[in-house]
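Notes to accompany the following structure.
The values are calculated or read from the model by the stated rules, or taken from the named source; none is laboratory data. Everything numeric here is computed off the predicted structure, so don't read it as measured data. Cβ atoms come from the backbone with ideal geometry, glycine included; neighbour counts cover every protein chain shown. With ligands, DNA and RNA removed, areas are computed over all heavy atoms of the protein, side chains included. Shrake-Rupley method; radii C 1.70, N 1.55, O 1.52, S 1.80 Å.
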Amino acid sequence: MSENAELDAGLLDAYSRTVTAVAASVTPHVASVALSRGSGSAVVFTDDSHLLTNAHVVGTGRRGTAVFSDGSEAPFEVVGTDPLSDLAVLRVRGTAPDPATLGDADRLVVGQLVVAVGSPLGLSGSVTAGVVSALGRSLPVRQGRAGRVIEDVIQTDAALNPGNSGGALADSAGRVVGINTAVAGFGLGLAVPVNATTRRIVDTLLVEGRVRRAYLGIVGVPAPLPDEVAERTGQAAGLRVVEVVPGGPAHRAGLRAGDLVLTVARERVSDAQGIQRQLFAEVIGTDLAITALRNGAMVDVYARPVELTGE
């Protein structure tokens, strides 16, 4: 065997060892779940038998059965769902395996190895591997007439099939960094990231069973700040307002299409997620300070968000 062939074989062995180790550590924490009108996968994530899955896997169902990789079965009830993040929490009645270790998707880099574990086509404990193909993707979701974009979705080429939804996307250390949510096309899978924002959503589902969100009524895209403003503020980008919903909180506050939003609640924003991170229940009905750049001048307004409804 040539030196290059030996090197290639060594790298392949290292890759195989990593995938094998991740599969062994993650698979016991992933269940196949079945409800009256759907099925998918779910990940045990607490010591008291809570599972994390996709809201679209649960749908309107309230209970079902979980089957773990060792063949054990347990009934579960739906604790809460949040269609606008495509996340749902279940609780097993009885004993579930120990929880998986959750990671932080904000630390991922393109090209990094990831392993998907789920139950495609009802086949529990299925494992595929690939890389992080892209970060920062957006996934539009709806609840009734309310729409939202899940930001920073993970794109991977790890093979995903129907039934993988709700399963784990893990890094090379076996930490769950995403919940597989969609098959976007051949060789293209998407996962909701596990990060500070989604942890907050999950914590709210555990306590309240739903997530109340505030609504401003603006649509925006990331845009760079003019050089002189960037130098003065130390901020490179903001959110360019493309549309202001007539009669909405942002419209009543005086925001206009073309404004470049720099801060919301005194926190810098450079994309839609920067605003969405501020729009949880506690700011509903409060005065939210917004600073924007308009025609070269700084403008400060106060918007009073209302509750986002799905009707």
**Q.** Magnitude of the charge dipole, region 228-267, Cβ model with Lys/Arg +1 and Asp/Glu -1, debye to 20
**A.** 140
Q) Using Cα atoms only, what is the angle between the long axis of helix 3-26 and the major principal axis of the chain, expressed in degrees (0 to 90) to the nearest 10? A) 80
Q) How large is the charge dipole for the chain, taken about the Cα centre, if only the Cβ atoms of Lys, Arg (+1) and Asp, Glu (-1) carry charge, to the nearest 20 debye? A) 1160
Q: Considering the options Gly285, Ala173, Leu135, tell which one lies farthest towards the positive end of the dipole of the chain, charges being +1 on Lys and Arg and -1 on Asp and Glu at the Cβ, about the Cα centre.
A: Gly285
Q. Want the number for Tyr302 to Tyr15: 0.36 nm per residue separation, take away the alpha-carbon distance, what's left?
A. 98.0 nm
**Q.** Estimated FRET transfer efficiency (Val242, Glu73; beta-carbon r; R0 41 Å; 0.05)
**A.** 0.25
(Q) Please list, ordered by chain and number, the residues whose modelled amide H lies under 5 Å from the amide H of Arg137; skip anything fewer than 5 residues away on the same chain. (A) Asp152, Val153, Gln155
Q) Helix 196-208 versus the longest principal axis of the chain: what is the Cα-based angle in degrees, 0 to 90, to the nearest 10? A) 80
Q) Leu87's amide H: which non-local residues (gap 5+, or another chain) put their own amide H closer than 5 Å, with H modeled 1.01 Å from N in plane and none for Pro or chain starts? A) Ala55, Asp82
Q) So how do Arg213, Arg252 rank on accessible area, 1.4 Å probe, biggest first, that is with the largest at the start? A) Arg252, Arg213
Q: Please list, in chain and number order, the residues 5+ apart from Leu225 or on another chain whose amide H is under 5 Å from its amide H, with Hs placed from the backbone.
A: Ala237, Gly238
Q) When only C-alpha pairs under 8 Å and at least 6 residues apart count, what is the relative contact order of the chain, in percent? A) 14
Q. Which trypsin sites (Lys or Arg not before Pro) from region 30-115 combine a DSSP loop assignment with at most 15 other Cβ atoms within 10 Å?
A. Arg37, Arg62, Arg93
**Q.** 3J(HN,Hα) from dihedral phi, region 257-270, Karplus parametrisation 6.51/-1.76/1.60, rounded to Hz, x for glycine, proline
**A.** 4, x, 5, 10, 6, 9, 9, 10, 6, 6, 9, 5, 10, 9
Q: Show that you can apply the helix-only estimate: for the chain, add -39,500 (n - 2.57) for every DSSP H stretch of four or more residues, divide by all residues, and state [θ] at 222 nm to the nearest 500.
A: -5500 deg cm²/dmol
Q.
In the chain, if the dipole is taken from +1 on Lys/Arg beta carbons and -1 on Asp/Glu beta carbons about the Cα centre, which of Val30, Ala14, Ser85 is farthest to the positive end?
A. Ser85
Q: Leaving ligands, DNA and RNA out of it, rank Phe45, Phe68 by accessible area with a 1.4 Å probe, largest first.
A: Phe45, Phe68
Q.
Compute the distance from the alpha-carbon center of region 49-125 to that of region 167-245, in whole Å.
A. 20
